[in-house]
Each structure stands twice: as structure tokens, then as C-alpha cells.
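Single-structure report; data block below.
The values are calculated or read from the model by the stated rules, or taken from the named source; none is laboratory data. Bear in mind the structure is a predicted one, so any value in this text is a computation, not a measurement. Every residue, glycine among them, receives a Cβ derived from its backbone with ideal geometry; neighbour counts consider all protein chains shown.
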Amino acid sequence: MPTKFLRSFVLCAFAACFIATSISAQSSKQASDFHGAPVRSGLATPAIEKKVDALLRQMTLEEKIGQLVQYSVGSPTGPGTGRGGYAEMAATGQVGSLYNLESVKDANQFQHDAVEKSRLHIPLLFGLDVIHGYRTTFPVPLGLASTWNPQIVEAASRVAAQEASAAGVRWTFSPMVDIARDLRWGRIVEGAGEDPFLGSAMARAYVRGYQGKRLDAPDSIAACAKHYVGYGAAEAGRDYNTTEISEHNLREVYLPPFYAALDEGGASVMSAFNSLNSVPASANPFTLTEVLRNEWKFPGIVDSDWTSIAELIPHGIANDGKTAAWKAFTAGVDMDMEANLYHEHMLDLVKSGKVTQAQLDEAVRRILRVKFALGLFDKPYTDESRENHGALPAESLQLARTAAEQSFVLLKNDFLASRRVLPLASDVPTVALIGPLADDAGSMLGAWAGRGNPQDVVTLKTALTQKLGAEHIKYAQGGEILAASDAQIEESVAAARASDVAILALGEFTQEMTGEAGSRAHPTLPGRQEELLEKVTATGKPVVLLLFTGRPLVLPWAFAHVPAVLELWSPGVQAGPAIVRTLFGEATPSGRLTVTWPRAVGQIPIYYNALNTGRPAGNRDLTHPPKDAAEKYVSRYVDELNAPQFPFGYGLSYTDFSYGAPEISAKKLSAKTLNAELRKNSADAKPVLTVTANVSNTGKTAADEVVQLYVRLQGTSVEEPVRKLKGFQRVALAPGETKKVTFPLGADSFALWDIRNEYTVEPSLLHIWVSPDSSRGEAVELEITD
Ligand code: NOJ
């Protein structure tokens, strides 16, 4: 176990140049790498501790246990307990939290039972999965991450908090900060992708948005970083499956976004379903106690995932419910979501001494802290007039549209004759609009749509009709997502033939194929959609493929034959307007991939920040099959390229950008100095290196570029990835404009978890790239001496 945890600082590595003018200024706390110091939580203030102490002193054993208990009241999103009688439980102090409530009235009613009828008047905490919006549904989290714009994520989360809190919800089970390197896993859509640095920036943004400036403001909600930890590493991409992650990788890759969420003040954590290194994550003392409590000193709640405590039995580490409750609780899970086991067994466990009074008090203290921090004791009820039952406000819709536009990733845009396919000319005479997702409002909301309402959605068909007029559109649904008839395919082909351009809106069946329990072994276009695409493309008309998916799909034919492809994820309520503005050039695509896009399923898991191996294939153009021993005995496939279809960070624009060589403020840095910086408090720490590069818009269209900074360390005690993201900036560039982009880097940009699992800077050779994605750019070299 590591013993040394160094105080580092959080650096404003990408402070300048964020675009979204309507978005508030960025907070001074920025993304940082995980560095193992205690998190900066605002939960355990002296005033709150005093109140908690006073309350704890009055509580009976049963009342304490009640605080640890949580049930879902409404629409289940997992196997239920079959129990009810929650009003009675609230009135007698037997439950601490309820979630999945249907209305603010229900919330107030249950709160009334808890506050007016129970002996100590302790309020309930109401939770819900508010993941990418409450009613104003924004793009799914993978889409939001593709904006590379933490400010817009923060703003979207603020809107979500305002709407959710008006419905009585004061706790969201978000952000999901699981790193995912395997697109077969349906839940890849719920997170920020494969990179810990970007994931940390997004984690912080969500927390800032949800929790606002003050957690006790009536429109703030407590965040919950989930699923702790390693859940995204599910073997073979199958949901709930086993994970095996070394402590080194846990610290380098999977823990940092959790650290970031909690260091930003995040109030809670959800323990995951998966087995981690043969110990279920919901009963894992190393991650839950050693790391979370002893190293990070996290004072907030650890909630279990839905029945994850009961699942210790099928995991095989408990043969009965009592043992499961004991193992989860003593490992560090404070609250039992839905398993009903703390309710049934905790009294016995305490009376028999298997759980001590001190342990119980500590868990109750964490829950009460959050309730006090939320101001629930002073204001337990929600003002029912706050909830908006009318149209969504214009500002929220504007934000949803901007977020969607910034999330779109242009994957391909070929020249046809003398111009690129996109943007389309606004006087295009006839457009064929084809595909099951062109007019499917429900699917635009994506997985975990909160209280998203299809009636609030403007579909592509509606927006396109508004733009061009119905007489310029030939619409053919082309079948359903999962099935189509020959006649529907023929009708689509005929529509394409009779038009000047064909737009195909294709993708996944959100409800079944993305999000929880949505793993896929065949991540391609389901049903007959690929056939539809091929037949429409065969008409020879220009084709624009719009992909509505929760993950990259393996579509080699499409990328070889379709001239223009735009990844749209699930764009939310403003899908149609955002897509139409992008298609016609009123908005320019600026999203970038936050997951590597494979060309073959056999390449999965594939991620950019991989190790080099001892026999790297490098960037060589390898032949298939290999032609000699030098080509054969390297880390490669004999039947496929190593390179992905599209690398992490990739995305095209309607303009072109060029990058100057990066410049650095020093050629040598000393490990000793950097380690001294690493130990400093954030307030005293300074940037240790400034990297600059000129970035130019060489085309004719104003556009945002996402400028990315990567590093590689060599000569270290452990193998380092071939590249690691350490900075990014979204920069607005007018046609012909050049901007000098500056990255001030802190010592943590060069730190790693070394061979003893200590966080440190080592003497090494360093390469730094400032580049448009993870595969390109010119490196500058630098040495870190003793
Ligand atoms: C199970 C999911 O894994 C989790 O993400 C969600 O927050 C809970 N159910 C509550 O609905």
C-alpha cells in the first residue's frame, strides 16, 4: 500500500478562450490529475459538525439505522424489493432517503411524514437519476463530453439542478465518471469516454453545475460520483461483469475522475456492481476505506448501487443477507439502496458487536452532514409553484441547442466535384430524408432521460421542413431501427433517386442498446439499416449519414463509401434545430471524439493512451499478411491495421486548421523542483512550464478548434502511455486568423504513480505535442533532470 500522498495543486491549464458566450465564466478550480491528497470538501464545516453531534446524541439505535436505508418509490430501474409502506417508515424514522418519486407533491407528502410525524423530525433526502437534464434534455453525457467544453456541461447541469430541485429532487445519481475503453459496454454513453484528464474536467463541471455556489440554495442538488470504481472496465464489455485492474492503473486511469468530482465538493459516491480484483466494489475495503476515507478524507455519503449489497451473495462473498450487509457496511458503504438488508439486519449486527456503535455513528454522520449541507433541516419542503409545467424556457432551449451543436463530430466530409458534401447549399432543390431516426422524438432523448418529454423534442424532420418547406423534402422512414420491409427500402431508394441529396438518419435503439444493460457484441447498425445505407448510396446521389448512437459503431463499409458522416449521439430536445443548422452551415461542427473509434470489433478494447509494448508496430504501414520477420514479430494483427478508424480527439470542421511547432518556456526541469511544487498547497503552487503554439484557421469559415496538449514520459520507473492528454482549449478562430494558444502546466502534468505506487515526478525524457487529435502533431522535447 502506498503511504506517501503528496499535496499538489490544481492548475488553470485551459483557462482561456472558452467560447459559448452565453455560458458563465469558468471557475478557478480546473481539472487536475488525481494526486492523492485529501479532497477539498465543504461538507464537514464546524457548524455542520456541531449540529450533527447534537442530533446524533438524541438518536436511538433504530433511528440511526433508519438513516442508512433507501428505497425506490416509483418506476423501477432494476429488480425491486417488492416492499412498500414507505410513508409509515418515514413517519417512524425507518428510512433516510427515497428516490424515483413521481411528483413534487409526493415528495412533500413523504417529507411531511418524516418531518412532522417522526420523533426527531429528520428530513428525507430525495434522489433521482438526473443524468443529462431533468426535463430540458441535453445531449447524452458522451455527447456532452464531445464538446470538450466544461462550461457548457456546467451550464447544462445547472439547468438540470434547477428543474430537478423544483420537483423536490435534491440528490442526483450523477455524474457517471467511469472511464470506458470498450464500446461494447452500453454504459459508455453515460460517461465522458476513455481519458482520465478530460473525464476529470467533465466530472468537476457536472459537480459545479449541480451543486451551484451553495449546496443549501433551494435550486442546488447534491452530486453523486459513480460507479466507484472500475465499473467501466467490465470484461468483454458485458454489463455488470468482472474487472481486473492493477493498483497502478486504478490510480492512473480510473480513480482520477472520482477524485476530481469529490475535490470539487461532490457530496456523495455510489459503489459499483462489479467485482474489482476479486472483491466486489460494494464491499471493497481498499477502495472504499483505504483510498476514499483514509487517503482522500472524503466526508460525504457512500450509497450502494441498486441492490448491490444483496448481490454480494451471487458474487460469492456472502452466503446470507446479514453477512452481505456486514461486509458492505464495514467496507465503507453507508447507505443501502434498495437491497433492504441494512433495514433487516443492522440492528442485530450492532447488538452482536459485529458493527460497532462508532462505525454506525460515522455512517449516520456522513448522511446527516449532507442533509444539513443541503439545508434540508431548515427548508425540508419544495415550493410547488416552482415547477414549470408550461413550455421550456427559451434560454434552456438555446443552451440545449448550443450543447448539441458542439457535441456533433464530423467524421468524414469528402469532395464531390469541386466542393465538399457539407455544408449543404440552402437552395438545394430536393432533399431525401430517410431513416427511422429522422422523426423519432423519443430516441432523441437518449438513455436515462430523466423526466424528458418527447413532446418537447423538435425532430430533424420537423426542423428540416421548417427550413426548406415540405415541397423540397421527400421523406421515407426506411423501416424501424430493428426491422424494415423490402417495400420500405425500395421507397427510400426511390426518394433518393428523385432528390439532389440523401440524408440518412440511422442509429441504435436507445432504450435497448445504450445505457444500463445495453451491452452489444455486434456494435454495428442494427436491423437492415446498413443494407438501406448501401442501397441508397448505390443511387450515386450524394449521401450524408447521420449517426444517432450511444457509442462508436464499427462501420468500415460506410466510412469507405459514404461521402459525409456526422456523429450526433442522442442530441436531446433541440436535436432538429441543431442538426439543421449544422447541415446548412449556420453552425460548424466542433465536437471531437472522446473515445477511440475502432475499425474492427477485434481491436476492442482500443484506446489512445496505451503502452508502447516492447515490439511496437509504430506508425508503419503494415502489409497484410506481413511480408517479413521485421513486420511479423511486432505487436499487430495479421489481418487488420492497428490504427483505429478515427483516433481519440478527432473531428473535422467546415474549415481547415494548421498548427505551428510547440514552444516551451524551458528545455530542462528538475525533478526535485517539480516534486517540491507537487507538495505545495494549491494557493502557493505555480506553473512550472508554459507551452505555446500558433493555431491558424486557414479556411473561409469561422470555427472553433479544440486544441489538445499531450505528453509522453520516457525513462521512468513504470511504463508510461505513448501519449497522455494534459490540456485542452476550445478556441474560436475567424477565417485567416492565427492565435497563440498558451498552456501553463503544473508539476502534476509530469507526475505519475511510480513503481512503489507513489505519486511523484521522476527524471525522464519528455515529449510534448500541441495537436488537433491524439495521433498527429510535432513533438517538442524536454528533459526532467534529477
Ligand atoms: C442502477 C444504476 O447502475 C445506477 O447508475 C443508478 O443510479 C441506479 N440504478 C439508481 O437508479
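Out of the residues in the range 672-730 that are small (Gly, Ala, Ser), under 30 Å from Pro38 (Cα atoms) and in a loop (DSSP other than H, G, I, E, B), state the one that is modelled with the lowest pLDDT.
Ala683
Being within 25 Å of Arg365 (Cβ to Cβ), of a type in the set (A, V, I, L, M, F, W, C), in contact (Cβ under 8 Å) with a residue 60 or more places away in the chain and within 15 Å of the ligand (Cβ to nearest atom) narrows it down to one of Ile122, Ile131, Ile221, Ile188, so name that one. First the steps, then the outcome.
Working: Ile122 fails: within 15 Å of the ligand (Cβ to nearest atom); Ile131 fails: within 25 Å of Arg365 (Cβ to Cβ); Ile188 fails: within 25 Å of Arg365 (Cβ to Cβ).
Going through Ile122, Ile131, Ile221, Ile188 in turn, just one is within 25 Å of Arg365 (Cβ to Cβ), of a type in the set (A, V, I, L, M, F, W, C), in contact (Cβ under 8 Å) with a residue 60 or more places away in the chain and within 15 Å of the ligand (Cβ to nearest atom): Ile221.
Just name the residue that is nearest to Lys467 (Cα to Cα) out of those in the range 397-427 that are assigned to a loop (DSSP other than H, G, I, E, B) and out of contact with any Phe, Trp or Tyr (no Cβ under 9 Å at 6 or more places or on another chain). Write out each step before concluding.
Going residue by residue through the range 397-427, those that are assigned to a loop (DSSP other than H, G, I, E, B) are 408, 414, 417-418, 421-427.
Now restrict to residues that are out of contact with any Phe, Trp or Tyr (no Cβ under 9 Å at 6 or more places or on another chain): 414, 417-418, 427.
Values: Asp414: 24, Ala417: 25, Ser418: 25, Asp427: 10 Å.
That would be Asp427.
Got a number for residues in the range 247-273 being buried (at least 24 other Cβ atoms within 10 Å of the Cβ), away from the ligand (no atom under 16 Å from the Cβ) and assigned to a loop (DSSP other than H, G, I, E, B)?
2
Kindly list the number of the only condition in (1) in contact (Cβ under 8 Å) with a residue 12 or more places away in the chain; (2) in a loop (DSSP other than H, G, I, E, B); (3) out of contact with any Phe, Trp or Tyr (no Cβ under 9 Å at 6 or more places or on another chain); (4) away from the ligand (no atom under 16 Å from the Cβ) that fails for Asp216.
Every listed condition holds for Asp216 apart from (3).
Can you tell me which residues in the range 315-333 are in a helix (DSSP H, G or I), of a type outside the set (A, V, I, L, M, F, W, C) and away from the ligand (no atom under 16 Å from the Cβ)?
Just the residues of the range 315-333 that are in a helix (DSSP H, G or I), to begin with: 315, 321-331.
Right, trim to of a type outside the set (A, V, I, L, M, F, W, C) and you get 315, 321-323, 327, 330.
Those that are in a helix (DSSP H, G or I), of a type outside the set (A, V, I, L, M, F, W, C) and away from the ligand (no atom under 16 Å from the Cβ): Gly321, Lys322, Thr323, Lys327, Thr330.
What about Ser282, is it away from the ligand (no atom under 16 Å from the Cβ), over 20 Å from the mean Cα position of the chain (by Cα) and small (Gly, Ala, Ser)?
Working: away from the ligand (no atom under 16 Å from the Cβ): no; over 20 Å from the mean Cα position of the chain (by Cα): yes; small (Gly, Ala, Ser): yes.
Judged against the criteria, Ser282 is not a match.
With the condition being of a type in the set (S, T, N, Q) and over 28 Å from Ala201 (Cβ atoms), I'd like the helices (runs of 4 or more DSSP H) fully within the range 78-150 carrying at least 2 qualifying residues. If you could, list the steps in order and put the result at the bottom.
Numbers: elements: 86-91, 104-112, 141-146.
Filter on the range 78-150 gives 104-112.
Identify all residues within the range 406-428 that are surrounded by fewer than 22 Cβ atoms within 10 Å (Cβ to Cβ) and of a type in the set (Phe, Trp, Tyr); write none if there are none.
Scanning the range 406-428 gives a single hit, Phe415.
Could we say that Leu504 is of a type outside the set (Phe, Trp, Tyr), under 16 Å from Ser443 (Cβ atoms) and free of Cβ contacts under 8 Å to residues at least 60 places away in the same chain here? First the steps, then the outcome.
Details: of a type outside the set (Phe, Trp, Tyr): yes; under 16 Å from Ser443 (Cβ atoms): yes; free of Cβ contacts under 8 Å to residues at least 60 places away in the same chain: no.
It is false that Leu504 is of a type outside the set (Phe, Trp, Tyr), under 16 Å from Ser443 (Cβ atoms) and free of Cβ contacts under 8 Å to residues at least 60 places away in the same chain.
Report yes if Ser174 is of a type in the set (S, T, N, Q), in contact with a helix residue (DSSP H, G or I) (Cβ under 8 Å, 6 or more places away or on another chain) and within 16 Å of the ligand (Cβ to nearest atom), otherwise no.
Values: of a type in the set (S, T, N, Q): yes; in contact with a helix residue (DSSP H, G or I) (Cβ under 8 Å, 6 or more places away or on another chain): yes; within 16 Å of the ligand (Cβ to nearest atom): yes.
Yes, satisfied.
Among the residues of the range 428-440, which ones are part of a loop (DSSP other than H, G, I, E, B) and touching a helix residue (DSSP H, G or I) at 6+ places or on another chain (Cβ under 7 Å)?
Taking the range 428-440 and keeping what is part of a loop (DSSP other than H, G, I, E, B), we get 428-430, 435-440.
Those that are part of a loop (DSSP other than H, G, I, E, B) and touching a helix residue (DSSP H, G or I) at 6+ places or on another chain (Cβ under 7 Å): Pro429, Thr430, Leu437, Ala438, Asp439.
Looking at the range 348-364, I want the residues that are assigned to a helix (DSSP H, G or I) and have a partner that is among the basic types (Lys, Arg) with Cβ atoms under 6 Å, at least 6 apart or on another chain. Which pairs are those?
Listed pairs, sorted by first residue: Leu360/Lys64; Val364/Lys64.
Go through (1) of a type outside the set (D, E, K, R); (2) loosely packed, with under 13 Cβ neighbours inside 10 Å; (3) without any contact (Cβ under 8 Å) to a residue 24 or more places away in the chain for Leu622 and report which single condition fails.
The one condition Leu622 does not meet is (2).
Kindly provide the set of residues from the range 372-403 that are more than 17 Å from Ala166 (Cα to Cα), out of contact with any helix residue (DSSP H, G or I) (no Cβ under 7 Å at 6 or more places or on another chain) and buried (at least 23 other Cβ atoms within 10 Å of the Cβ), ordered by number.
Correct list: Ala400 only.
Any idea which of Ala145, Ala161, Ala156, Ala107 is of a type in the set (A, V, I, L, M, F, W, C), away from the ligand (no atom under 16 Å from the Cβ) and over 20 Å from the mean Cα position of the chain (by Cα)? Show your work before the answer.
Details: Ala145 fails: over 20 Å from the mean Cα position of the chain (by Cα); Ala161 fails: over 20 Å from the mean Cα position of the chain (by Cα); Ala156 fails: over 20 Å from the mean Cα position of the chain (by Cα).
The unique qualifying residue is Ala107.
Going by the conditions given, is Gln511 part of a helix (DSSP H, G or I) and either in contact (Cβ under 8 Å) with a residue 60 or more places away in the chain or within 16 Å of the ligand (Cβ to nearest atom) (or both)? It would help to see each step written out before you state the result.
Details: part of a helix (DSSP H, G or I): yes; either in contact (Cβ under 8 Å) with a residue 60 or more places away in the chain or within 16 Å of the ligand (Cβ to nearest atom) (or both): yes.
Considered against the rule, which asks whether it is part of a helix (DSSP H, G or I) and either in contact (Cβ under 8 Å) with a residue 60 or more places away in the chain or within 16 Å of the ligand (Cβ to nearest atom) (or both), Gln511 comes out as yes.
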